[in-house]
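Written out below as structure tokens is the structure these notes cover.
The values are calculated or read from the model by the stated rules, or taken from the named source; none is laboratory data. Please read all numbers here as calculations on a predicted model, not as lab measurements. For neighbour counting, all protein chains shown are included, and Cβ atoms are generated from backbone atoms with ideal geometry for every residue, glycine included.
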Amino acid sequence: MFRAFIQARMSSSRFPGKVLAPFCGVPLLAHVVERVARVVPRTRITVATSTEGSDDPLAEYARLLGVQVYRGVLDDVFRRFRGCLQESPCDWFYRVCADSPLLLPGLLTEFARHADPATADIVTNVFPRTFPQGQSAELVRAEAFLSVDPALLSAEEREHVTLHFYNRPRMYRIVNIVNPHDVSAPQSLAVDTLSDMRRLERDVATLGRLE
């Protein structure tokens with residue numbers, strides 16, 4: 001079984017509240033959920049956020065979108081995902097960031113084609129990156145993720161959920177999806193700041209919807 005865990009919080013330092021900020025008239029999170037839901041049923045999508053009071057509106061809105069919500073530790077994101085996985089067991093889970101409103105569903109479909117427990121522990125497109133930021137995702141084998149001892153993780157590995165795998169490429173089977181046309185360098189398609197959001201809105205208005 002495949003699930004999708006969307007990592008989200010309201011306390012972004014550069015753009016507080018961005019996941020609920022209107023992007024083309026609709027909260028950013030809704031765009032991400034809609035794109036993920038083209039590949040994974042909404043009943044198998046969970047927004048993984050924190051127990052902080054600042055994330056109360058985010059949790060409420062996520063439920064209105066028809067997806068599950070898991071609330072865990074704010075800064076220890078690895079532990080948050082571990083709790084999310086224990087509450088919603090599956091064989092594989094997608095890790096998606098809530099700041100990627102233009103994420104291509106076709107990428108997630110391509111990842112699924114490589115989800116073979118005999119050959120992969122994690123399917124990714126950032127090792128190395130050949131897609132622009134905002135077109136990044138990962139598909140993680142749940143058994144491999146749960147085998148990691150959280151006590152052995154560095155503070156950075158706790159904050160960045162899958163960094164443990166990339167720091168130990170000889171221990172894990174990492175399948176990297178490569179873009180035949182490396183476009184990792186151009187402007188990001190992720191929303192880190194308000195100016196990013198306005199720029200991407202202009203791009204969508206000019207180019208139309210990106211599929």
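Quick notes on this structure:
- Among the residues of segment 128-146, the one identified as surrounded by fewer than 19 Cβ atoms within 10 Å (Cβ to Cβ), of a type outside the set (A, V, I, L, M) and at pLDDT 95 or above is Glu143.
- Of the listed requirements (1) surrounded by fewer than 21 Cβ atoms within 10 Å (Cβ to Cβ); (2) in a helix (DSSP H, G or I), Val19 misses just one: (1).
- Evaluated against (1) touching a residue at least 60 places away in the same chain (Cβ under 8 Å); (2) surrounded by fewer than 18 Cβ atoms within 10 Å (Cβ to Cβ); (3) not in a helix (DSSP H, G or I), Tyr70 falls short on exactly one condition, (2).
- Residue, nearest to Arg198 (Cα to Cα), within segment 38-61, restricted to residues that are polar (S, T, N, Q) and in a strand (DSSP E or B): Thr49
- Filter result for the condition that a residue is crowded, with 17+ Cβ neighbours inside 10 Å and farther than 22 Å from Glu138 by Cα, over Asp99, Asp55: Asp55
- Residue satisfying condition, being within 27 Å of Val73 (Cα to Cα) and surrounded by 15 or more Cβ atoms within 10 Å (Cβ to Cβ), within set Asp192, Asp196, Asp149: Asp192
- Residue in segment 82-90 that is of a type outside the set (S, T, N, Q) and outside any helix (DSSP H, G or I) present: yes
- The set of residues from segment 22-37 being surrounded by 15 or more Cβ atoms within 10 Å (Cβ to Cβ) and in a loop (DSSP other than H, G, I, E, B) comprises just one member, Ala37.
- Residue that is within 14 Å of the chain's Cα centre (by Cα) and either under 25 Å from Lys18 (Cβ atoms) or modelled with pLDDT under 95 (or both), where the choices are Val77, Val73: Val77
- Some residue of segment 132-144 being within 22 Å of Arg80 (Cα to Cα) and among the basic types (Lys, Arg): yes
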